[in-house]
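Comments concern the structure below.
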Amino acid sequence: MNIKSSCFGSELEFDIGDLVSWSKIQKKFSGVVEELYLKDQGGRQVLYAKVFDFSEQKKYDVLCLNLKKLHKTVIDKLEN
């Protein structure tokens, strides 16, 4: 398999301050992106985000491919 990009996940468009959600072993999380960084894995750069989780008040390092941006309509449903 020939992969053109040297950075895995770089085409994703996340910014600091984005509200995101992700799941891990059938548990759902939501939080805000605090930092984006590249990490060497498997001989290439992989995009990760440091995310502050709202419910547990903890920071997690999450692979950006696992993140989904939350839109305003979804945020309104979570608040109610």
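Considering the range 25-40, the residues that are of a type outside the set (Val, Ile, Thr) and touching a residue at least 12 places away in the same chain (Cβ under 8 Å) include one that is surrounded by the most Cβ atoms within 10 Å (Cβ to Cβ), namely GLY31. Going by the conditions given, is GLN41 farther than 23 Å from HIS71 by Cβ and either at pLDDT 90 or above or under 10 Å from the mean Cα position of the chain (by Cα) (or both)? Judged against the criteria, GLN41 is not a match. Evaluated against (1) at pLDDT below 90; (2) surrounded by 15 or more Cβ atoms within 10 Å (Cβ to Cβ); (3) in contact with a Ser or Thr (Cβ under 7 Å, 6 or more places away or on another chain), VAL46 falls short on exactly one condition, (3).
Matching residues to (1) under 15 Å from ASP61 (Cα atoms); (2) modelled with pLDDT of 90 or more:
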site	(1), (2)
SER6	no, no
GLY9	yes, no
PHE14	yes, no
VAL32	yes, yes
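The values are calculated or read from the model by the stated rules, or taken from the named source; none is laboratory data. Since we're looking at a predicted model, the values are computed, not measured. In this analysis, Cβ positions are derived from the backbone assuming ideal geometry, glycine residues included, and neighbour counts consider all displayed protein chains.
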